[in-house]
């Protein structure tokens, strides 16, 4: 199959994009009525329940990478490849008790930056913000590019048009509805994604004779069945630590922890991990079936949509189109909202305009969301090289933040010095490993170096932190766990 | 006036020149875009090829691989209209690939072969990195679980 010829006709693609785009913006406007103040806009009134909480965590973590990269991982690295990707669910699982701890220590906080600033001081805070913003922008840009590429591959919609529409839709409904709209649309998107993946996976499973499946792989791709394939085994831990780093540090997850009702965060994150876990296994299996189904793969990035459309025809392409749109939107909106929260709270309010009124901050938030959308568009438009490689480059950066966060939540002796050294040394050595050894060890090495730095600093020069210093509004009720 | 032998020579010469000038009809040459060897630590690569001569409608490409540079034993990896193929799951060592255009019973010449050399990480390196990963994972898990239990108990 020549992937340059789209499976869907352009009219169908444009129609799908228009229907979902208009619907999502309308939902954003409708849900936005609830966002009456800044806390409503940024944190959905801190009143999100278990169902919506679980759905938004699951949907946000299903990115276009889950749908597109996992099949590629499976095709590149076999069974371990798809299992390696699914280890990203461990991050959600481990964040469940951490969310409980975060809520107990900082019930009225807004961002992950608040924690780092109060726990470790301004130097660590600045470094943390730099890491977080770099990572958030690379994620945003990778999602934007993926949207344009997939729309073009599936339906022939020109890259620039597809990318622009997806970004515009996400910016608009995030602008109108804030976190209410983000979480509400995430719920719908999570249902669509689950149904879509199950349908495509089930049909592919029916078409493949499992007895031939193993024989074909053994004959043509023997290393894919090798349980000791080095790069696959290493990517298991690497992906896990990349996932830990993304979830533990990023405000996307902290804002959800702050947005949920008391007693909900740890349950919601636990449930979302369980719902998310089978998705990369299913999408990875689809990629692994390309060979046994006799499907040539000219471009490994497109193996998922290729197999789905071959097996299901136009119907499969429509399902993939919708699932990819939902996975992109669910991640882009979360990133826009969480990154603008970080910039409004940590940079604008805390650094530049500490006396800003709530309405002023709400306006700033609006402009920042629009600005993020514009910057993302400008970076996506030239369609620079391999954005997946750039995204993986941020792996060592975020992995270096794992131990400053974990130790900061549970070890009274963890100090700002350890946090700064952990992030600096972890990032530097991790980036070196990325280029010297390969992408599949960079996050692992970064996490190990960071852990060593944090633990050593805690041992040699422990701090004696007072946990109550994390609650900037001490008149509020605090749950147990101090 | 031209003699018969001279006329025959001229006809043969003209015919030869005409044949040389024609594209290799039904036997176009195909070449890989990469000369190789392609060295990979991950066991995969994307092979792309292009027709040096115009390819007739209905032609397909046949991609073969072998563990032998002389292609004494071969396996057809792909046969179809695509001009690229992602090859993965290759065993450690060197695999050779070649491609040609085929139309019906007529096949063009094979391309120059390209070698893909797969060099996975050594067992000792793998072992050390896996051990490191296990240590960091367990340390993270224990810190969170123990910390959570202690705080729940009010410690």
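The values are calculated or read from the model by the stated rules, or taken from the named source; none is laboratory data. Treat the numbers as computed from the prediction; the structure is a model and nothing was measured. Please note: Cβ atoms are built from the backbone with ideal geometry, for glycine as well, and neighbour counts cover all protein chains shown.
Residues that are farther than 28 Å from residue A:73 by Cβ, assigned to a helix (DSSP H, G or I) and within 13 Å of another protein chain (Cβ to nearest Cβ) within region A:400-443 comprise A:404, A:407, A:408, A:409, A:410, A:422, listed in sequence order.
Within region A:359-374, not a single residue is surrounded by fewer than 22 Cβ atoms within 10 Å (Cβ to Cβ), within 14 Å of another protein chain (Cβ to nearest Cβ) and over 17 Å from the mean Cα position of the chain (by Cα). Report yes if residue A:294 is surrounded by fewer than 23 Cβ atoms within 10 Å (Cβ to Cβ), closer than 30 Å to residue A:342 by Cβ and within 13 Å of another protein chain (Cβ to nearest Cβ), otherwise no. Spelling it out, it is not the case that residue A:294 is surrounded by fewer than 23 Cβ atoms within 10 Å (Cβ to Cβ), closer than 30 Å to residue A:342 by Cβ and within 13 Å of another protein chain (Cβ to nearest Cβ).
Can residue A:457 be described as in contact (Cβ under 8 Å) with a residue 24 or more places away in the chain, more than 11 Å from every other protein chain (Cβ to nearest Cβ) and buried (at least 24 other Cβ atoms within 10 Å of the Cβ)? When the stated conditions are applied, residue A:457 does not pass them. Go through region A:138-168 residue by residue and tally those that are in a helix (DSSP H, G or I) and within 15 Å of residue A:317 (Cα to Cα). Here the count works out to 8. The residue pairs whose first member lies in region B:135-155 and is within 8 Å of another protein chain (Cβ to nearest Cβ) and closer than 16 Å to residue A:104 by Cα, whose second member is at pLDDT below 95 and outside any helix (DSSP H, G or I), and whose beta carbons are closer than 6 Å, counting only pairs six or more residues apart or on different chains, are B:151/A:481. Filtering region B:97-127 to residues that are under 13 Å from the mean Cα position of the chain (by Cα), within 14 Å of residue B:48 (Cα to Cα) and in a strand (DSSP E or B) leaves B:97, B:98, B:99, B:100, B:114, B:115, B:116.
Working only within region A:53-82, note down all residues that are farther than 28 Å from residue A:151 by Cβ and more than 14 Å from chain B (Cβ to nearest Cβ).
Of the residues in region A:53-82, the ones farther than 28 Å from residue A:151 by Cβ are A:53-54, A:78-80.
Answer for region A:53-82, where residues must be farther than 28 Å from residue A:151 by Cβ and more than 14 Å from chain B (Cβ to nearest Cβ): A:53, A:54.
Filtered by the rule that a residue be within 27 Å of residue A:235 (Cβ to Cβ), crowded, with 18+ Cβ neighbours inside 10 Å and in contact with a strand residue (DSSP E or B) (Cβ under 7 Å, 6 or more places away or on another chain), region B:64-91 gives B:65, B:77, B:78, B:84, B:85, B:86, B:87, B:90. Within region A:425-454, the set of residues being in contact with a helix residue (DSSP H, G or I) (Cβ under 7 Å, 6 or more places away or on another chain) and touching a residue at least 60 places away in the same chain (Cβ under 8 Å) comprises A:427, A:439, A:440, A:441, A:442, A:443, A:444, A:446, A:447.
What residue, of A:167, A:224, A:154, is surrounded by 24 or more Cβ atoms within 10 Å (Cβ to Cβ), more than 14 Å from every other protein chain (Cβ to nearest Cβ), closer than 17 Å to residue A:287 by Cβ and in contact with a helix residue (DSSP H, G or I) (Cβ under 8 Å, 6 or more places away or on another chain)?
Values: A:167 fails: closer than 17 Å to residue A:287 by Cβ; A:224 fails: more than 14 Å from every other protein chain (Cβ to nearest Cβ).
None of the others qualify; the one that does is A:154.
Considering every residue within region B:18-40, establish whether at least one is within 30 Å of residue A:226 (Cβ to Cβ) and at pLDDT below 80. Taking every residue of region B:18-40 in turn, at least one turns out to be within 30 Å of residue A:226 (Cβ to Cβ) and at pLDDT below 80.
Among the listed residues A:154, A:140, A:94, identify the single one that is farther than 26 Å from residue A:393 by Cα and in contact (Cβ under 8 Å) with a residue 24 or more places away in the chain. Talk me through it step by step, then tell me what you get.
Details: A:140 fails: farther than 26 Å from residue A:393 by Cα; A:94 fails: farther than 26 Å from residue A:393 by Cα.
Selected residue: A:154, the only one of A:154, A:140, A:94 that is farther than 26 Å from residue A:393 by Cα and in contact (Cβ under 8 Å) with a residue 24 or more places away in the chain.
The single residue among A:295, A:286 that is farther than 18 Å from residue A:84 by Cα and modelled with pLDDT under 90 turns out to be A:295. Return the residues of region A:126-140 that are buried (at least 23 other Cβ atoms within 10 Å of the Cβ) and over 21 Å from the mean Cα position of the chain (by Cα); say none if nothing qualifies. The answer is none; no residue qualifies.
Among the conditions (1) crowded, with 21+ Cβ neighbours inside 10 Å; (2) away from every other protein chain (no Cβ under 14 Å); (3) within 21 Å of the chain's Cα centre (by Cα), the only one that residue A:304 does not satisfy is (2).
Within region A:228-242, how many residues are more than 11 Å from chain B (Cβ to nearest Cβ) and closer than 23 Å to residue B:117 by Cβ? Qualifying residue count, region A:228-242: 0. Limited to region B:95-129, what total is found for residues that are modelled with pLDDT under 90, closer than 24 Å to residue B:73 by Cα and within 13 Å of chain A (Cβ to nearest Cβ)? Matching residues across region B:95-129 total 1. For region B:36-89, a residue qualifies if it is part of a loop (DSSP other than H, G, I, E, B), out of contact with any helix residue (DSSP H, G or I) (no Cβ under 6 Å at 6 or more places or on another chain) and within 9 Å of chain A (Cβ to nearest Cβ), and the qualifying residues are B:41, B:81, B:82, B:83.
Answer yes or no: is there a residue in region A:94-113 that is closer than 25 Å to residue A:458 by Cβ, more than 14 Å from every other protein chain (Cβ to nearest Cβ) and assigned to a helix (DSSP H, G or I). Within region A:94-113, one or more residues are closer than 25 Å to residue A:458 by Cβ, more than 14 Å from every other protein chain (Cβ to nearest Cβ) and assigned to a helix (DSSP H, G or I). Just one of the numbered conditions (1) over 14 Å from residue A:79 (Cα atoms); (2) within 14 Å of chain B (Cβ to nearest Cβ) is not true of residue A:198: (2).
Restricting attention to region A:372-394, the residues that are under 25 Å from residue A:116 (Cα atoms) and part of a helix (DSSP H, G or I) add up to 4. Scanning region A:201-221 for residues that are within 14 Å of chain B (Cβ to nearest Cβ), in a helix (DSSP H, G or I) and buried (at least 20 other Cβ atoms within 10 Å of the Cβ) yields one hit, A:217. With respect to (1) at pLDDT 90 or above; (2) more than 19 Å from the chain's Cα centre (by Cα); (3) within 19 Å of residue A:126 (Cα to Cα), the lone exception for residue A:345 is condition (1). Here residue A:479 clears all of (1) modelled with pLDDT of 95 or more; (2) within 12 Å of another protein chain (Cβ to nearest Cβ); (3) more than 23 Å from the chain's Cα centre (by Cα) except the condition numbered (1).
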